[in-house]
Amino acid sequence: MRKVYAISALLLVVVMFASGCTDGGITTEKTLTVNGITVHYSGDVSMSQAKALINFINAELSPDEMDVYVKKENGYVVGLTSTYGSADEMEESLKFYLVFLASKMSQDVFNGEHVLLQILDDGKNVLYQVESKYRYVSSNGINVWYTGTSEEDAQKALNYLLDFAGSGPWDVILEKSGSTYHVRAMSSFRSEEEVNSVKDTYMEMVSGLENALNGSVVLHVLDPDGKEVAVFGS
């Protein structure tokens with residue numbers, strides 16, 4: 001699986017129905033297939049949601065083929081089949097990205113309802129799972145994922161980052177604790193030494209975000225696996 005920024009093409013939809021089928025403890029009432037992506041869904045999930053989920057997976061993951069199992073249970077449970085044999089085979093960067101994927105799926109497909117996203121092996125056993133955590137605003141390849149603060153604040157941060165960087169791909173997490181904003185910015189850096197080589201740029205970012213948000217900002221620089229490698233604050 002890989003993350004891409006793309007617009008879904010118009011696809012030929014082939015609809016197939018099956019009722020009362022049980023496989024590996026998962027009850028499947030209907031299936032919807034679009035060019036290699038098949039969604040198996042229960043009666044509590046609508047066909048329009050199944051279509052939206054296929055379009056979402058096509059845009060975000062671009063698989064040649066994939067089976068997806070979705071049911072409504074404390075929100076939605078979505079299982080994606082994979083070629084992984086165990087969670088240990090999964091890249092740390094993928095595990096970190098899946099939280100974003102679940103959060104975006106929640107907002108774009110399921111109207112903000114909770115999503116439990118599961119990675120399945122070819123026997124439909126759950127290898128790894130994450131829950132949706134964030135809402136997001138996005139423009140020009142820059143995504144601001146936010147929790148504990150408002151969409152208005154997230155949009156202010158996004159507007160500043162667009163002026164600061166111009167375009168992405170770039171993922172930034174915005175959270176608020178008390179009166180302090182915590183900004184977690186993805187990077188390609190793997191060590192604090194690498195980050196400190198551009199310390200002035202990150203300090204400029206702290207200052208700019210404080211002006212944009214009208215509050216104190218602590219900037220956490222993350223490596224591609226989502227691990228913190230450096231912290232900057234005013």
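Numerical summary
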item: The chain: most fluctuating residue of Val68, Val206, Val144 per GNM, C-alpha cutoff 10 Å; result: Val206
item: Anisotropy class of the stretch 31-146 from Cα gyration tensor, a/c 1.5 cut; result: rounded
item: Label point at Glu92 placed 7 Å out along Cα→Cβ; residues across the stretch 201-234 whose backbone nitrogen lies under 20 Å; result: 220-232
item: Relative contact order [Cα under 8 Å, 6+ residues apart], the chain, whole percent; result: 12 percent
item: Per residue Cα convex hull volume in Å³ - calculated over the stretch 148-209; result: 98 Å³
item: Rounded accessible area per residue of the chain, 1.4 Å, Å²; result: 49 Å²
item: Charge dipole magnitude, Cβ of K and R +1, D and E -1 - the chain, Cα centre, debye nearest 20; result: 560 debye
item: Percentage relative contact order, the stretch 45-175, counting C-alpha pairs under 8 Å, at least six apart; result: 19 percent
item: Distribution of pairwise C-alpha distances over the stretch 92-234, 5 Å bins, in %; result: 2, 10, 18, 21, 20, 14, 7, 4, 2, 1, 0
item: Carbon plus sulfur fraction of accessible area for the chain, probe 1.4 Å, in percent; result: 45 percent
item: Protection proxy ranking of 100-110, 80-90 - average other beta-carbon atoms within 10 Å, highest first; result: 100-110, 80-90
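The values are calculated or read from the model by the stated rules, or taken from the named source; none is laboratory data. Remember, it's a predicted structure, so these values are computed and weren't measured experimentally. Because the Cβ atoms are built from the backbone with ideal geometry, glycine has one as well, and the counts that use them run over all protein chains shown. Only protein heavy atoms, including side chains, enter the accessible area calculation; ligands, DNA and RNA are left aside. Shrake-Rupley method; radii C 1.70, N 1.55, O 1.52, S 1.80 Å.
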